[in-house]
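Comments concern the structure below.
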Amino acid sequence: MFLPDLRRPGVWTALRRAQRRGPPCTLALLAAAACHAGQAAELPQSNWRVERGDDETCVLISQPLSMPDGYGSARVQLIFGPRALRVVTDSNIDNSYPDQGLSIDDGPPFAPDVPFPLDAQSALFEQSVDDIVEQFRRGYRAQLRLGYWPTWPVTETQRLDISLTGFSKAHDALLVCRGASADASE
């Protein structure tokens, strides 16, 4: 599976644009056209949407989720960008907590490869992204486990259950969007 470079500057513009955008497209069949036009393509009854950045890079973004961070709730989003999965939160992640990672259907957890790639509020899964995508496509539920700082005294790793309903169709739309990007750049 081809996944372009996640560290390209325009990739994260797509996330910021998606957070500000008005009503997105609602039909999976419009995903390629919407991506080509630089719009978000939200799939019916799905927790996922496809977004195209200024640099023509397509990403798959979860709807905002909420998990406890020790003081309140932290907003969390999963972003399948080029060559990696990035988990973004609005609280600081503390890498010293045990058992942090992402598991699918009670399987063994995938640990983040790079806990703080750009800042302390994200975790990056690069080495295992192909396996994660494969298991997300087959699975029903994922569980994200993170520890947050500063939580004193240190308590426990926080857990967030994520429904994988609609992920396969959303990932198919992502591949269509990426194909449209490749066609447009030729």
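Examine the stretch 35-46 for a residue that is closer than 18 Å to Arg145 by Cα, of a type in the set (A, V, I, L, M, F, W, C) and either crowded, with 17+ Cβ neighbours inside 10 Å or modelled with pLDDT under 85 (or both), and state whether such a residue exists.
No, that holds for no residue.
Can you find, within the stretch 86-112, the residue that is surrounded by the fewest Cβ atoms within 10 Å (Cβ to Cβ) among those that are of a type outside the set (D, E, K, R) and touching a Pro at 6+ places or on another chain (Cβ under 9 Å)?
For the stretch 86-112, the residue satisfying everything is Asn95.
Restricting attention to the stretch 125-165, report how many residues are without any contact (Cβ under 8 Å) to a residue 60 or more places away in the chain, within 18 Å of Arg86 (Cβ to Cβ) and assigned to a strand (DSSP E or B).
Within the stretch 125-165, residues that are without any contact (Cβ under 8 Å) to a residue 60 or more places away in the chain, within 18 Å of Arg86 (Cβ to Cβ) and assigned to a strand (DSSP E or B) number 4.
The values are calculated or read from the model by the stated rules, or taken from the named source; none is laboratory data. These numbers come from a predicted model, not from an experiment. Positions of Cβ are generated from backbone atoms using ideal geometry, with glycine treated the same way; all protein chains shown enter the neighbour counts.
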